[in-house]
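Structure, as structure tokens:
The values are calculated or read from the model by the stated rules, or taken from the named source; none is laboratory data. None of the values given here were measured: they were computed from a predicted structure. Here Cβ is always computed from backbone atoms with ideal geometry, including for glycine, and neighbour counts include all displayed protein chains. Quick note on the areas: whole protein, heavy atoms, side chains included, nothing else; ligands and nucleic acids left out. Shrake-Rupley method; radii C 1.70, N 1.55, O 1.52, S 1.80 Å.
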Amino acid sequence: MTSTVNSMDIASTPKPIWEPGQDRIERANLNRFMRFVRERTGNEDIRRYSPLYDFSIRKPERFWQLVWEFCGIRANGDFEPALVDGDKMPGAVWFPNVRLNFAQNLLRYKDDRTAIEFRNERGQSRQITYSELHCEVARAAQALRNAGVGVGDRVAGLLPNIPEAIVAMLATASLGAIWSSCSPDFGIESLVDRFGQIEPKVLFCVDGYTYAGKAFACLEKANGVVASVPSIEAVIVIPYAGDPALSEYSGKLRSWPDFVGTGNPNLEFELLPFDHPVYILYSSGTTGAPKCIVHGAGGTLIQHLKELVLHTDLKREDRFFFHTTCAWMMWNWLASSLAVGATVVLYDGSPSWPKDDVLWDLADEIGITVFGTSARWLASIEKAGLRPGVTHKLVSLRTILSTGSPLAPESYDYVYGQIKANILLASISGGTDIISCFALGNPLMPVYRGELQCRGLGMKVEILDHAGEPVSEIGGELACTAPFPSMPVGFWDDPDGARYHEAYFSRFPSAWCHGDQAILTKRDGVVILGRSDSTLNPGGVRIGSAEVYRQLTGIEEILESIVIGQQWMNDERIVLFVRLREGCSLDDALRERIKLQIRNSTTPRHVPAKIIQVADIPRTHSGKPSEIAVLDAIHGQPVRNRQALANPRSLDDYAIIPELQD
């Protein structure tokens, strides 16, 4: 995405749009952590963020040990050494002599304070205390154990953002099994593409759900997944939309109440190595099936706590909301706030139904203190003319988090002008691949419009030019040039690590790159420019073009196609170009048939915003369609590797297509 930040703003020293008051600075967890680091190290220079950041990347072993101690992570074993083979990227090993359990750390509290506040668009609500959560997880864990689930087994969720999703995840993690979830708007083929690779033993799903006032059934979908994934031995159905008639479906289906029972078993935790897998997330590229990214329990836990406690300034009294689905890593990030003892606020449904300000109603009702959303949603409510600062009280709200795509400078103006003036607006950026952030917020620093406040502690983030040399104040490839704990354990079924290495380390030796372009400003802020590869990224959800292409093979009119993400309105939209058989034309009926096929077999996010007929598709000499060439052409950029194309003149038409301008 082309940055809308003026180059003069990056090079000059504009006035901040917000600065923290002295009281906020003094009460910040990050301020307490700096004092803690000074006491433990004797380094009196660490009184500002910059020297703390320098310490965190110069002394990573000591830094992460201090984060561990400050955040109170529970584990057994020897904390020395903290890092082995720290010069290898990849290949470094963190805390090799430690054993822990992810769920035990998220369930460290067992009192009557509220753990989960749940609402949905149908008006349903539920409140769960930490004591009740502990009991519910214990029952679900015992049921999974009785179903034969143990260390290393996979458990999958086809679930909306409901409390049972968190309960099932924690129960899975307590046993040392691995959790993986998708949202119920995925089509059967997309689900099988994912769950079929990891071969789960148990699948949790709902009978149905609603979105934007429309009801959607799920049991047929679950039945279709079971038919294609023989490893699934049991399907646990949560009666969310009504009272499901399970007898009509596979004999593997059982209801959640029958499965978990009403007993009060003890909750036991399997203590496992630091890098034992806890999650499998999915990120798809331009070819082949989605990548199954395996994340370790220890790395995920310590990274999330660093980001939540230090960068987000989350405290026990906070009520933390993020509008997310169970398919997005922000759900995993949100769940980790249980380890802080905060109240997790879950919302299932459309953020704009039955009215555009439904989430602001939620913020006032519950007293949300930290509000997470997407850049796209903030832009949409601005266009809708919402003025939450006038229509709502927002008394408790002190932080807004934005992610998914770069937050436009104009959206900063909107937040501070129409939502709340005295608030920390933190645009954050990272990804599914690292289940965390490279750049994010900071309660001690000012906010400048269009900029992420800082690079994350312990993350040696640099912007590299085409030669792999660090640069600042100009665009380049965002890279991390030193190991960090939340690097994936690897990809599922990638025994030699070849696909993992190709995905992140093929661009520059010993530097993690996953396709983001960025600028490091002289204030040490970060401006995310967008994607540097051809992966689709609408609203921050990474989609592989292969998933779209797969749906077009059965449409006889289409001879060839190419799909790209066009920079549009401070976000990205999917555009599909098709070359049709002679005598065929792209009429409304064919457009709708293409969209329906993609929607039914994948997810609504995969559906192109534009479908355009073209005379030819640019191809390499080996016959592969060149998405990057089309990206360059439609964005008015010099075409990279034009000499590699067999038909470079085909690109001339793409630069002048009028439909791309509206």
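Tabulated values for the structure
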quantity	calculated
Test: residue in region 133-149 that is surrounded by fewer than 21 Cβ atoms within 10 Å (Cβ to Cβ) and in a loop (DSSP other than H, G, I, E, B)	yes
In region 240-250, the residues that are modelled with pLDDT of 80 or more, over 27 Å from the mean Cα position of the chain (by Cα) and closer than 13 Å to residue 222 by Cβ	none
Which listed residue, of 70, 79, is of a type outside the set (Lys, Arg) and in a helix (DSSP H, G or I)	70
Which listed residue, of 613, 597, is at pLDDT below 95 and not aliphatic (A, V, I, L, M)	597
Leading residue by the ranking (most open to solvent (accessible area, probe 1.4 Å)) among those in region 365-381 that are more than 17 Å from residue 124 (Cα to Cα) and part of a helix (DSSP H, G or I)	376
Residue in region 501-512 that is most open to solvent (accessible area, probe 1.4 Å), counting only those that are at pLDDT below 95 and closer than 20 Å to residue 474 by Cβ	507
Top-ranked residue in region 450-467 [being modelled with pLDDT of 95 or more and in a loop (DSSP other than H, G, I, E, B); ranked as nearest to residue 415 (Cα to Cα)]	451
Pair list, Cβ under 6 Å, 6 or more apart: region 175-190 residue of a type in the set (Asp, Glu), other residue open to solvent by 10 Å² or more (accessible area, probe 1.4 Å)	185/604; 189/601
Pair list, Cβ < 9 Å and 6+ apart or interchain, from region 27-52 residues that are farther than 25 Å from residue 316 by Cα to residues that are surrounded by 13 or more Cβ atoms within 10 Å (Cβ to Cβ) and of a type in the set (D, E, K, R)	41/59; 41/62; 44/38; 45/38; 46/38; 50/524
Those residues of region 180-239 which are assigned to a loop (DSSP other than H, G, I, E, B), open to solvent by 10 Å² or more (accessible area, probe 1.4 Å) and of a type in the set (A, V, I, L, M, F, W, C), in sequence order	186, 212
Members of region 468-488 found to be crowded, with 21+ Cβ neighbours inside 10 Å and either at pLDDT 95 or above or out of contact with any Leu (no Cβ under 6 Å at 6 or more places or on another chain) (or both), listed by number	478, 479, 480, 483, 484, 485, 486, 487, 488
Subset of region 92-117 [outside any loop (DSSP other than H, G, I, E, B), farther than 15 Å from residue 172 by Cβ and open to solvent by less than 10 Å² (accessible area, probe 1.4 Å)]	98, 100, 115, 116
Within region 251-277, considering residues that are under 16 Å from residue 202 (Cβ atoms) and assigned to a loop (DSSP other than H, G, I, E, B), the one modelled with the highest pLDDT	261
Unmet criterion (only one of (1) within 29 Å of residue 109 (Cβ to Cβ); (2) open to solvent by less than 20 Å² (accessible area, probe 1.4 Å)) for residue 315	(2)
Hey, residue 367 at positive phi, touching a strand residue (DSSP E or B) at 6+ places or on another chain (Cβ under 7 Å) and not β-branched (Val, Ile, Thr) or not	yes
Unmet requirement for residue 142, which otherwise passes all of (1) at pLDDT 95 or above; (2) under 26 Å from the mean Cα position of the chain (by Cα)	(2)
Within region 532-557, tally of residues that are more than 23 Å from residue 324 (Cα to Cα) and either open to solvent by 20 Å² or more (accessible area, probe 1.4 Å) or basic (Lys, Arg) (or both)	8
